[in-house]
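The values are calculated or read from the model by the stated rules, or taken from the named source; none is laboratory data. Note that the structure is a prediction, hence the values are computed from the model and not measured. Positions of Cβ are backbone-derived with ideal geometry, glycine not excepted, and every protein chain shown enters the neighbour counts.
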Amino acid sequence: MYDPRTNSSVASREELKLQALRARNEQRRQRFLNAKTRTLGVDTAALDRQVAEKRAKKEAERAAEMSYAEEQRQIRRVLEMNLLEERQQQQQDRMEVAQVVQVQRDPTLTREWDLNNPDSLKNEQAPRVGDFDPRCGPSSLQMFSGEDLNKGDRIKMQQMQLVDWTNQAISVKEQKKIAEQQVEMMYAEQIKAVVNMTAEIEEKDNEQKEVENREYAVVNQQLAELRRHNQEVFRQTEEKQRIAELNYKQADPFLNEHRTTGISVLGGGRVRPDHWKGMTTKQLREIFEIQKAQAAAKLEEKRRREQEEFEYAQYERAVYNLTQHANLQEQESAKEDQYAVRAHQAKQIVEKHARDAFIKEERSGKITDDFFKAFGASHR
């Protein structure tokens, strides 16, 4: 079933898109009419705002597409619910029609049949109705064992009921088939209407997008031309400023470091700290001569110190040699003394041995030639 709310929502969405497009075009026109922006350059804030607007537009389009998809899903759900309700209603209608048809085919089921029955007298209740008539007791002589009075009627009724059921089933099946075909045709028509409406909306969206793309192309081309013009103007301005700055630097005494700019008006060799660019060539030469004389004096002092160090080293070497010579003499004298001591000790040992031998001989009573020599040698 077609929902008019869908058409109104689509129309409102299209109207919002057109309003947003008109607002963007008006903003672009205002930027183009701005002489300051056109002559001085592109407004970066406007460009950033345009980028933000494009991003917001994409987000809005994405949200609109999602909303449109959600609306389509809701439309499908509504259509399915409507189709289900229609099917249920048709099923109920078929059942009612089947009941009416059944009543029309069988007049015995009508309420007036008792009055219109031509066999009403024939169909009056007999004294005995069936084999289980409660009116017929044992004393009525109406019921006997083994009887089946209603067999023929029962068989006939069963056959009629079977035929009626068969006809009813066939009728219900045919009606159900017809109803299903009608439902399918209605569903196909609704689907076709939804597809046509969707195609129409998409075609309108594509046309709108083509128009917007053409407008964007024109605007972007204008912006590119304006950007190239501004870049050329900016380049020429930069070139002029660069040439002016070079000329200023070449003519400025302070930047060229003229020595005269640093001389103070107070005199006395004073300089201006904010303009002083260093010493003059004469001052530098004098400082160089002083440094050269200081370097020569320092070199002479170094040579003198080296000579003194050399002489002191010679003196130390001579003292060392004398000390070594004295030590050697002392060592040799000590060795000679040791030799003399050892010779004296050896002599003492020999004398001790001789004395010991003499004492031993004396103690042993041996008479030597000396004993005899002592005779006649007295002082008397």
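Brief remarks on what is shown
- Among (1) at pLDDT 85 or above; (2) more than 56 Å from the chain's Cα centre (by Cα), the one test that GLY267 misses: (1)
- Lone unmet requirement of (1) within 30 Å of GLU200 (Cβ to Cβ); (2) modelled with pLDDT of 80 or more for ARG76: (2)
- For the condition modelled with pLDDT of 85 or more and out of contact with any Ser or Thr (no Cβ under 9 Å at 6 or more places or on another chain), GLU147 does not qualify.
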